[in-house]
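Structure record follows, encoded as structure tokens.
The values are calculated or read from the model by the stated rules, or taken from the named source; none is laboratory data. It should be emphasised that the depicted structure is a prediction, and the values quoted were computed from it without experimental measurement. No Cβ is skipped: glycine too gets one built from the backbone with ideal geometry, and neighbour counts run over all protein chains shown. These accessible areas exclude ligands, DNA and RNA; they are computed on the full protein's heavy atoms, side chains included. Shrake-Rupley method; radii C 1.70, N 1.55, O 1.52, S 1.80 Å.
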Amino acid sequence: MSTTTYAQHLAQLQTQLESALARTGFDALLIASGIEKYAFLDDRPYLFQPNPHFKHWLPLTQHPNSWLLLRPGHQPRVVYYQPDDYWHVPPSAPTGEWVQHVELIVISRAEDAAAHLQMPGRLAIIGEADAALESVVPNNPQDLIHLLHYQRAFKTAYELEQMRAASRRAAPAHLAARDAFLAGGSEAEIHRAYLIAAGHTDRDLPYGNIVALNEHCAVLHYQYQDTQRPAQSRSFLIDAGAQVNGYASDITRTWSAGGAGSAEFDALLAAMESAQLALVDEVRAGVDYRDIHLSTHRRLAAILQDQGLVRMSVEAQLAERVTSIFFPHGIGHLLGLQVHDAGGFMADETGAVSPKPEGHPYLRLTRPLAAGMVVTIEPGLYFIPTLLRQLRASASASSVDWAKVERLSRFGGIRIEDDVVCRAEGPAENLTRDAFASLS
């Protein structure tokens, strides 16, 4: 029988863990899945978010009060919390491939976990403080966590399978959202169309969907979904993902309604689409991700010049930081167990920080790319009122076509985002474009 990618994944994690324990002087690692948290002075729980270290080993995302014990030379021990509860639906009986690879202990009371976690020697315990049991208190040793976070950037074959599936889950939902936009739907109606097509609810999305119409497209993390249909739907930006076994996709698309008055925006959108694909092609092993971010600003400066928005050379725009007015965020980030995955700023396994380029405070990844890394490439071009006011007050103001800026401001902005796997050689694997292509 061939070894499955999940079995290979566990074996690789075990090897990495044993090395990390030896290097940091620990004998075993305990990982808490986490607990449900409640609103202040209320009995309503927040949405449960599992410890990412826990779901790195197990495809369990809705399992509070569970634990994982990891030791050299032993199978993982999973203490699986399954209460006898008639107020809520408890976790189902343990099923799936993972069960055959672990020592499984099922408990019905959270406090009973402690008896199965007692080990001699020096223990590393990763978890939030409120996950502590009477004799098991998280200490979160930073040197060990640095080692684990650094390695997490390199995805196993199993992890890439989950991320491909997450992209395939999100792609048809994006098209359903586009169709709802073109049909004149409100932001709330578009959001519901996305959820239905993805088979998600708000509870299990990897992050809150950004569903923005018209001027709302200029709000980078627009957090509302207006229930009222706008009098005219001109533009639509959706930043939304899906989740499979704890692994996320993170996809953004911008759409134009077309018709009279949209020609300038449509031309800008086409230029951004071409630039985004060119930036994806820059994802190669050995490339410093910071260089892709700086390349984005050069490409954006050329678009602003070519589209007649700014009458300045590319070099002058970069020197005066004009492009940062229209593109104030980073080109992307690591992706995996977390949407903004851990380890993005690490220069090495010690946790030393690799700095951001001067003048670019919002970049979330500063490491050289290597095979197995999954990153997002998400250039944007926005008409953000508060930043445009800064540009009006600057020495570059006279070089801007403010009438055109005003016309385009009604569309809010553009962002296009793909999830991309860096390969050892050659061009990257584009999870997002492959998922959309599979639908045609």
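Table for the structure above
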read-out	value
Hits in the range 125-136 - residues which are in a helix (DSSP H, G or I), surrounded by fewer than 19 Cβ atoms within 10 Å (Cβ to Cβ) and in contact (Cβ under 8 Å) with a residue 40 or more places away in the chain	ASP130
Matching option when the condition is over 30 Å from ARG169 (Cα atoms), at pLDDT 95 or above and under 23 Å from the mean Cα position of the chain (by Cα), among ASP281, ASP288, ASP239	ASP288
Cβ pairs under 8 Å, 6+ apart, first in the range 107-124 and in a helix (DSSP H, G or I), second of a type in the set (Gly, Ala, Ser) and open to solvent by 60 Å² or more (accessible area, probe 1.4 Å)	ALA114/SER135
Checklist (1) over 18 Å from THR24 (Cβ atoms); (2) in contact (Cβ under 8 Å) with a residue 12 or more places away in the chain applied to ASN139, failing item	(1)
Positions within the range 6-18 being within 26 Å of the chain's Cα centre (by Cα) and open to solvent by 40 Å² or more (accessible area, probe 1.4 Å), in sequence order	GLN8, ALA11, GLN12, GLN16
Where PRO45 falls short, out of the listed (1) surrounded by fewer than 17 Cβ atoms within 10 Å (Cβ to Cβ); (2) more than 28 Å from the chain's Cα centre (by Cα)	(2)
Residues (farther than 25 Å from TYR222 by Cβ and surrounded by 14 or more Cβ atoms within 10 Å (Cβ to Cβ)) located in the range 375-397	SER394, SER396
The listed residue being over 16 Å from the mean Cα position of the chain (by Cα), of a type outside the set (D, E, K, R) and more than 20 Å from LYS55 (Cβ to Cβ), out of ALA171, ALA198, ALA176	ALA176
Of residues in the range 217-246 being among the aliphatic types (A, V, I, L, M) and not in a strand (DSSP E or B), the one farthest from HIS200 (Cα to Cα)	ALA231
Some residue of the range 369-380 being over 19 Å from the mean Cα position of the chain (by Cα) and assigned to a loop (DSSP other than H, G, I, E, B)	no
Within the range 195-227, considering residues that are aromatic (Phe, Trp, Tyr) and out of contact with any strand residue (DSSP E or B) (no Cβ under 6 Å at 6 or more places or on another chain), the one surrounded by the fewest Cβ atoms within 10 Å (Cβ to Cβ)	TYR224
Residue in the range 19-42 that is within 25 Å of GLU161 (Cα to Cα), in contact (Cβ under 8 Å) with a residue 12 or more places away in the chain and open to solvent by 60 Å² or more (accessible area, probe 1.4 Å) present	no
Residue list for the range 180-200, restricted to those being closer than 16 Å to SER167 by Cα and either in a helix (DSSP H, G or I) or among the polar types (S, T, N, Q) (or both)	TYR194, LEU195, ILE196, ALA197, ALA198
Qualifying positions in the range 385-435 - touching a Leu at 6+ places or on another chain (Cβ under 8 Å), within 20 Å of GLY330 (Cβ to Cβ) and part of a loop (DSSP other than H, G, I, E, B)	GLY412, CYS422
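Residues checked against (1) out of contact with any Gly (no Cβ under 9 Å at 6 or more places or on another chain); (2) over 30 Å from SER398 (Cα atoms); (3) crowded, with 17+ Cβ neighbours inside 10 Å:
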residue: SER256; (1), (2), (3): yes, no, yes
residue: GLY259; (1), (2), (3): yes, yes, no
residue: GLY308; (1), (2), (3): yes, no, no
residue: GLY344; (1), (2), (3): yes, yes, yes
residue: THR350; (1), (2), (3): yes, yes, no
residue: PRO355; (1), (2), (3): yes, yes, no
